[in-house]
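Just so you know, all these numbers are worked out from the coordinates, no wet-lab data involved. Please read all numbers here as calculations on a predicted model, not as lab measurements. Here the Cβ is made from the backbone with ideal geometry for all residues, glycine too, and neighbour counts use every protein chain on show.
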Amino acid sequence: MGKRRLLTGILTGAAVGGIVTLFDKQTREYTTEKLHTVKENSSYWAQHPSEAVHNVRTALDKFSESFPDNASNVLSALESAERQLEKVSGNRNGEVKQLEELDQ
């Protein structure tokens, strides 16, 4: 029962927040413009489904081609960050030991 109330509260809050923001004239104009653009695009893609599928396939091909390069770059960055963290934590451990020795 609590989960349902939480979800209902979140959705209600989002709806009320959206309605409140529409009191601003610029927000209403922007929303109208974006909804019009979505309507035009969805109408076009509904009339040209093969082109939509082709575009999605092309985008997926580009992603799958660049993924190995990006994945290796991310792994390199993570390894570098790990080395830096080890250096910092190693330095801190050394500093802590020195401070402990000074306290004695």
- Message: Restricting to region 18-51, name every residue that is exposed (fewer than 10 other Cβ atoms within 10 Å of the Cβ) and among the small types (Gly, Ala, Ser).
- Response: 46, 50
- Query: Under the condition of being of a type in the set (Gly, Ala, Ser) and surrounded by 10 or more Cβ atoms within 10 Å (Cβ to Cβ), which residue from region 1-16 is nearest to the chain's Cα centre (by Cα)?
  - Reply: 14
